[in-house]
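Student: For reference, the structure I am asking about is given below.
The values are calculated or read from the model by the stated rules, or taken from the named source; none is laboratory data. Treat the numbers as computed from the prediction; the structure is a model and nothing was measured. We place every Cβ from the backbone using ideal geometry, glycine too, and count neighbours over all the protein chains shown.
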Amino acid sequence: MRLRRERADLPKQLEALSAAVEVGAGRLDEERIAAARGVVAKAEERLRHGTGHTLAALLGATGSGKSSVVNAIVGNEVATAGLRRPTTSSTLACYWMAEADTTPDDDAAGSVGSVQSLLDWLGVSNRHQVAFAGGLTKIDGADPDHPLDGLVLLDVPDHDSVEVGHRLEMERIAAHVDLLIWVTDAEKYADMAMHRYLRALSGYGAVTAMVLNKIDLLTEDQVGTCVADIERLLAADGLKNSPVIAMSTTTGAGVDDLEHLLAETVKKKQAMVARLRADVVDAADSLMTEVGTTAGRTEVSDKLATRLSQELVQASGLSVVTDAVAAGHRRDANGKVGWPFTRWARQLRPHPLRKLHLAPGSSGRSSLPAISGIQLARSENAVRQTVAAVGTGLPEPWPDLIRRAGTPNQAGLNNRIDDSVGEAVRNLHDQGPPRWWAVVNVLQVILALAAIVGAVWLGLLAFGAYLRLPEVPTPEYREIPIPTALLIGGLMLGVVVAVVSRRLAAIGAGRRADKVRQAATEAVAGVADHLVIGPMQAELDARNRLRELLLGAGASS
Ligand SMILES: Nc1nc2c(ncn2[C@@H]2O[C@H](COP(=O)(O)OP(=O)(O)OP(=O)(O)O)[C@@H](O)[C@H]2O)c(=O)[nH]1
Ligand SMILES: [Mg+2]
């Protein structure tokens, strides 16, 4: 059972190795990859017809006794042997298999190893299972490692009857088997048609054997003569080493010899599969030396990613931008809610964001201080350290692969960061000024007008007094003359409103700067993820996948 399991696993191991070659190409040593690719190609070629089964076909003229031989080997009347010729018109498959292997959810089912799919593929619908571990037992309670376990014996239609279809069926089957057994008798062994086939079909590389059947009808001497004759003819066909088995299905003579040959063939196929398996495991082990047997780092930690984006944010000079955002906000606030008599003075100074090409309405590239040499070096250094940290502890060539994947074009990285910061500022501009500014602005204008009206009024009163005109009564409110109240109140309230508004604007400026800092930091983290962290993670993923595949291919962990 162990052997069968191993044979059934080979296709999966091969698939894993093949996938590992795909992932490893361009990453691992070229020669190792080429060697593994060679093993995959060879094994796929050898295992085209499945790994778990040995196919043996009984071929020969009609009436030579093929069906009788099958019955003799199976130990049961499974094939119809008869006098009416030809008897067998479609191929019958008898397969030796522990019953567990035919359950639908068995590992091997559906894989290359499944006998049912193999026979489907061969187009053989007459099937008979020779079970031997319970059920349809030939050998009751026999151990599952039966010498014929995995054998598929095919009783094939004749090649010489009037039925052309038989010959085509026989030729098709013969092209796909591991062992060709020609059944003949003393009368037919020199048949030209058979020898033509012997010569042609030997080219398929299958082992060829000859059964001289019906020896119960011959004397011992005649058997000896016939066998010698057949050996001579086989040698002439180019099949010098093909065994000749003298047999009688009637007496049972020679049945053991044929059984022995079948068992040997099964064993050789198993050996071939075992050899391929060893090759696959060797190739997987060879690749594993570069992948490393210890798991090591499997992902770029959040801590490293966060530290990198923080460093990049620092290097980008974002604080200069956020300071300018705050100062710009305060300046804009002053323009709307400042004391109208002095607000103009501050507006004469340039907008702090203008220097950075980030003033409202500008759309061009910002010119952040990241361009400065020190900051450029700082961002380069941050990337270098992260890349080195991720590669640490991994076997060659991974630190190098990770370095190559995680080191972006520095100018490209800086431009992307610069764009992110610029966009964060521009998104903020899109929000527009706070609504309370407009309300306070109206209030400031009213207060200023009140002060002006008061001033003009008082001026007129003073001028009238100067000209000694009769005094016009001045209206009062609680003993304070209205013009005085307008002038003093307008001025004082204007200043108070300006002071309070400046406080509020300062708080707003801080909030806006925070918003920009947050948006830009997130955007820079995104850029770092895209250009540095992501590509390194892709390499780590490739290594994780390779480890998994190579373990699946049988590499030792
Ligand atoms: N005397 C003798 N007769 C045999 C022996 N083996 C088979 N026969 C007889 O030979 C005849 C043909 O046997 P089959 O097994 O049907 O031959 P086949 O090669 O399957 O023939 P087709 O199916 O027509 O191709 C039958 O009548 C068998 O009884 C044997 O060892 N000795
Ligand atoms: Mg037959």
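Student: Looking only at the stretch 235-288, count how many residues are among the aliphatic types (A, V, I, L, M) and under 26 Å from N76 (Cα atoms). Reasoning before the result, please.
Tutor: Step one: of the stretch 235-288, the residues among the aliphatic types (A, V, I, L, M) are 235-236, 239, 244-247, 253, 255, 258, 261-263, 266, 271-274, 276, 278, 280-281, 283-284, 287-288.
Going one step further and asking which of them are under 26 Å from N76 (Cα atoms), we end up with 244-247, 253, 255, 258, 261-263, 266.
Within the stretch 235-288, residues that are among the aliphatic types (A, V, I, L, M) and under 26 Å from N76 (Cα atoms) number 11.
Student: Just the residues that are assigned to a helix (DSSP H, G or I) and loosely packed, with under 13 Cβ neighbours inside 10 Å, please, taken from the stretch 428-445.
Tutor: Step one: list which residues in the stretch 428-445 are assigned to a helix (DSSP H, G or I), which gives 428-430, 436-445.
The answer is D430, A438, V439, V442, V445.
Student: Any residue at all in the stretch 234-241 that's more than 16 Å from ligand 2 (Cβ to nearest atom), over 22 Å from V70 (Cβ atoms), modelled with pLDDT of 90 or more and of a type in the set (K, R)?
Tutor: no
Student: From R307, R277, R232, which residue is among the basic types (K, R) and in contact with a helix residue (DSSP H, G or I) (Cβ under 6 Å, 6 or more places away or on another chain)? Spell out the reasoning first.
Tutor: Details: R307 fails: in contact with a helix residue (DSSP H, G or I) (Cβ under 6 Å, 6 or more places away or on another chain); R232 fails: in contact with a helix residue (DSSP H, G or I) (Cβ under 6 Å, 6 or more places away or on another chain).
Just a single option satisfies the conditions, and that option is R277.
Student: Checking I173 against (1) over 23 Å from E259 (Cα atoms); (2) in contact (Cβ under 8 Å) with a residue 40 or more places away in the chain, which test does it fail?
Tutor: All conditions pass for I173, except number (1).
Student: Are there any pairs with C-beta distances below 7 angstrom linking a residue in the stretch 431-459 that is farther than 16 Å from I488 by Cα to a residue that is aliphatic (A, V, I, L, M), with the two at least 6 apart or on different chains, and if so which?
Tutor: Matching pairs, first to second residue: W437/A333; W437/V337; V440/V337; V440/V497; N441/V337.
Student: Next question. Taking the stretch 477-515, which residues are among the hydrophobic types (A, V, I, L, M, F, W, C), surrounded by fewer than 16 Cβ atoms within 10 Å (Cβ to Cβ) and in contact with a helix residue (DSSP H, G or I) (Cβ under 7 Å, 6 or more places away or on another chain)?
Tutor: Passing the criteria: only A506.
Student: Here's another thing I want to ask about it. Name the one entry in P408, P395 that is assigned by TED's automatic domain parsing to the domain that holds A324, in contact with a Leu (Cβ under 8 Å, 6 or more places away or on another chain), in contact (Cβ under 8 Å) with a residue 60 or more places away in the chain and not in a helix (DSSP H, G or I). Full working, then the answer.
Tutor: Details: P395 fails: in contact with a Leu (Cβ under 8 Å, 6 or more places away or on another chain).
After applying the criteria, what remains is P408.
Student: Give V313, V255 a once-over and let me know the one that is assigned by TED's automatic domain parsing to the domain that holds S68, at negative phi and touching a helix residue (DSSP H, G or I) at 6+ places or on another chain (Cβ under 9 Å). Break it down into steps so the answer makes sense when it comes.
Tutor: On the way: V313 fails: assigned by TED's automatic domain parsing to the domain that holds S68.
Testing whether each residue is assigned by TED's automatic domain parsing to the domain that holds S68, at negative phi and touching a helix residue (DSSP H, G or I) at 6+ places or on another chain (Cβ under 9 Å) leaves just V255.
Student: Could you list, in sequence order, the residues of the stretch 150-170 that are more than 14 Å from ligand 1 (Cβ to nearest atom) and either of a type outside the set (V, I, T) or free of Cβ contacts under 8 Å to residues at least 60 places away in the same chain (or both)?
Tutor: Of the stretch 150-170, the ones more than 14 Å from ligand 1 (Cβ to nearest atom) are 150-152, 164, 168.
Within the stretch 150-170, G150, L151, V164, L168 meet the criteria.
Student: Answer with yes or no whether A20 is modelled with pLDDT of 90 or more, crowded, with 18+ Cβ neighbours inside 10 Å and assigned to a helix (DSSP H, G or I). Spell out the reasoning first.
Tutor: On the way: modelled with pLDDT of 90 or more: yes; crowded, with 18+ Cβ neighbours inside 10 Å: yes; assigned to a helix (DSSP H, G or I): yes.
In short, yes.
Student: Mind checking whether some residue in the stretch 53-61 is on the phi < 0 side of the Ramachandran plot and surrounded by fewer than 19 Cβ atoms within 10 Å (Cβ to Cβ)?
Tutor: Here is the first cut: in the stretch 53-61, the residues on the phi < 0 side of the Ramachandran plot are 53-59, 61.
In the following step, the residues that additionally are surrounded by fewer than 19 Cβ atoms within 10 Å (Cβ to Cβ) were identified as none.
Within the stretch 53-61, none of the residues are on the phi < 0 side of the Ramachandran plot and surrounded by fewer than 19 Cβ atoms within 10 Å (Cβ to Cβ).
The rows are residues; the columns are (1) surrounded by 15 or more Cβ atoms within 10 Å (Cβ to Cβ); (2) of a type in the set (A, V, I, L, M, F, W, C); (3) within 14 Å of ligand 2 (Cβ to nearest atom).
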site: D155; (1), (2), (3): yes, no, yes
site: S161; (1), (2), (3): yes, no, yes
site: H166; (1), (2), (3): yes, no, yes
site: E171; (1), (2), (3): yes, no, no
site: A174; (1), (2), (3): yes, yes, no
site: L180; (1), (2), (3): yes, yes, no
site: E187; (1), (2), (3): no, no, no
site: N213; (1), (2), (3): yes, no, yes
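Student: Right, next: Taking the stretch 322-341 as the region of interest, how many residues are β-branched (V, I, T) and without any contact (Cβ under 8 Å) to a residue 40 or more places away in the chain? Spell out the reasoning first.
Tutor: Filtering the stretch 322-341 for residues β-branched (V, I, T) gives 322, 325, 337.
Those left that are additionally without any contact (Cβ under 8 Å) to a residue 40 or more places away in the chain: none.
Residues flagged as β-branched (V, I, T) and without any contact (Cβ under 8 Å) to a residue 40 or more places away in the chain within the stretch 322-341 amount to 0.
Student: So, one more: Being closer than 19 Å to H159 by Cα and near ligand 1 (Cβ under 10 Å from one of its atoms) is the requirement here; does D191 meet it?
Tutor: no
Student: Go through (1) at pLDDT below 60; (2) within 16 Å of ligand 2 (Cβ to nearest atom) one by one and return the number of the condition G82 breaks.
Tutor: Only one criterion is unmet by G82, namely (1).
Student: Same structure again: Look through A61, A100, A72, A93 and report the one residue that is more than 10 Å from ligand 1 (Cβ to nearest atom) and modelled with pLDDT of 90 or more. So that I can check it myself, show each step before the final result.
Tutor: On the way: A61 fails: more than 10 Å from ligand 1 (Cβ to nearest atom); A100 fails: modelled with pLDDT of 90 or more; A72 fails: more than 10 Å from ligand 1 (Cβ to nearest atom).
That would be A93, the only listed residue that is more than 10 Å from ligand 1 (Cβ to nearest atom) and modelled with pLDDT of 90 or more.
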